[in-house]
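Only one structure is covered here, and it is reproduced in the block below.
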There are 2 protein chains.
Amino acid sequence: MECICCKKPDENELISETKFWKVILASDQAYLGRCYVVLKRRGDLAELNDEEWLDFRELLKRLESALRKAFNATMFNWTCLMNNAYQNKPPNPHVHWHFRPRYNHKVEFAGLVFEDPEFAHHYNRVRKQEVSNDVKRKIVERIKENL
Amino acid sequence: MECICCKKPDENELISETKFWKVILASDQAYLGRCYVVLKRRGDLAELNDEEWLDFRELLKRLESALRKAFNATMFNWTCLMNNAYQNKPPNPHVHWHFRPRYNHKVEFAGLVFEDPEFAHHYNRVRKQEVSNDVKRKIVERIKENL
């Protein structure tokens, strides 16, 4: 599987870019607005420098604010795992954050209904909602308008 | 259930404390060295100031380094979720990070065996390994020696 971090995002997926990070919409939108925040260089979380670390915090603030405005997201889950990188020998970790907006209400958008039946509980990795390129583009546009 | 963030940790649990954060060992040691990194004040992740944010990064580095030395941890999962806080009305989020060291090998310590059968995959929240106060104290001591 191609590394989501190294792959060049297409325009349906790219939400934002800073000097150090890029934000890419996930294909699975079980949590509407789910995306990856990817460090542009290879590296380990503990090796981030001050500039990269503070830039990430600014991006986190902007993303949370944008998702509240775009879809009235209630709260947010952030995870930095990188487990899959250890399926390779040698491992090839590439810092990225998983961002899952969470909702205490359903959202209708682009002709679809997005729900969060696990709200206030741990996210469910089994429940998936794959969306078309057209819907991805609309979600990306809506988030960008609010960034 | 008492908030793990507000509860005063007992000496079997407290690993470290900085100006802004405290590190508390979890009772569930399914991932040996699992702990919580808790902001001392109430607040939202997006509201952390530069000092708190950079202090967290330093603590993250020190903890990862300590767990590599203490138990030869292979890599680490970091999550900031706060879902449970939204089971209360009004919600009472309190910034804390879940820290799970991950292992590509089994570790024998304090007469117990710790394994990570999900290594290189997402952590398993169902598999639990509750340990006694005595074992917690030994784990905390070993981590502190390496901090």
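Each value in this text was obtained by applying a stated rule to the coordinates, not by laboratory testing. What you are looking at is a predicted structure, and each value in this text was computed from that prediction instead of being measured. Quick reminder, even Gly has a Cβ in these numbers, built from the backbone with ideal geometry, and neighbours come from all protein chains shown.
The phi-based Karplus calculation (6.51 cos²θ - 1.76 cosθ + 1.60; θ = phi - 60°) puts the 3J(HN,Hα) values of the range A:82-88 at 6, 4, 4, 4, 8, 7, 9 Hz, whole numbers, x for Gly and Pro. Distances between copies at B:Arg41, taken between label points 7 Å from Cα along the C-beta direction, are 3.2 nm in increasing order. Over the C-alpha atoms of chain B, the Rg to Rh ratio, Rh being the Kirkwood estimate, stands at 0.95.
Counting beta carbons within 10 Å around each of B:Val37, B:Val107, B:Val113 and listing the fewest first gives the order B:Val113, B:Val107, B:Val37.
Where Rh is the Kirkwood radius over the Cα pairs of the range A:46-120, the temperature 37 °C and the viscosity 0.692 mPa s, what D in µm²/s does Stokes-Einstein return? Translational diffusion coefficient: 223 µm²/s.
Counting Lys and Arg as +1 and Asp and Glu as -1 over every other residue whose Cβ lies under 9 Å from the Cβ of A:Pro93, the net charge comes to 0.
Under the classification rounded if a/c is under 1.5, otherwise prolate if a/b is larger than b/c and oblate if not, where does the range A:1-82 fall, given a ≥ b ≥ c as square roots of the Cα gyration tensor eigenvalues? Judged from the Cα gyration tensor, the range A:1-82 comes out oblate (a/c at least 1.5, b/c at or above a/b). Given in Å, the Rg to one decimal and the Dmax to the nearest whole number for the Cα atoms of the protein assembly as shown are 19.1, 58. Spatially, the range B:111-147 and the range B:34-62 are offset by 22 Å when compared through their Cα centroids. Across q = 0.17, 0.18, 0.29, 0.31 Å⁻¹, the range A:84-125 modelled as identical point scatterers on its alpha-carbon atoms has Debye log10 I(q)/I(0) values of -0.66, -0.69, -1.04, -1.10, in the order of the q list.
Among residues of chain B, the one whose Cβ lies closest to the rotation axis carrying chain B onto chain A, together with that distance rounded to whole Å, is B:Thr79, 2.
Annotation: lysines with alpha-carbon distance below 20 angstrom to B:Lys19 (same-chain offsets under eight excluded): B:Lys7, B:Lys8, B:Lys40, B:Lys61, B:Lys144. Computed from Cα positions, the angle between helix A:50-71 and the longest principal axis of chain A comes to roughly 10 degrees. Inter-chain Cβ neighbour count for B:38-51, averaged per residue, equals 2 (cutoff 10 Å, partner chain atoms only). Take B:Pro91, push a point 7 Å out from Cα through the beta-carbon direction, and compare it with the same point in every other copy: 3.1 nm, smallest first. Beta bridges per DSSP, both residues in the range B:8-147: antiparallel share near 95 percent. Rounded to the nearest 20, the Cβ-based charge dipole of the range A:14-142 about its Cα centre (Lys and Arg +1, Asp and Glu -1) stands at 220 debye.
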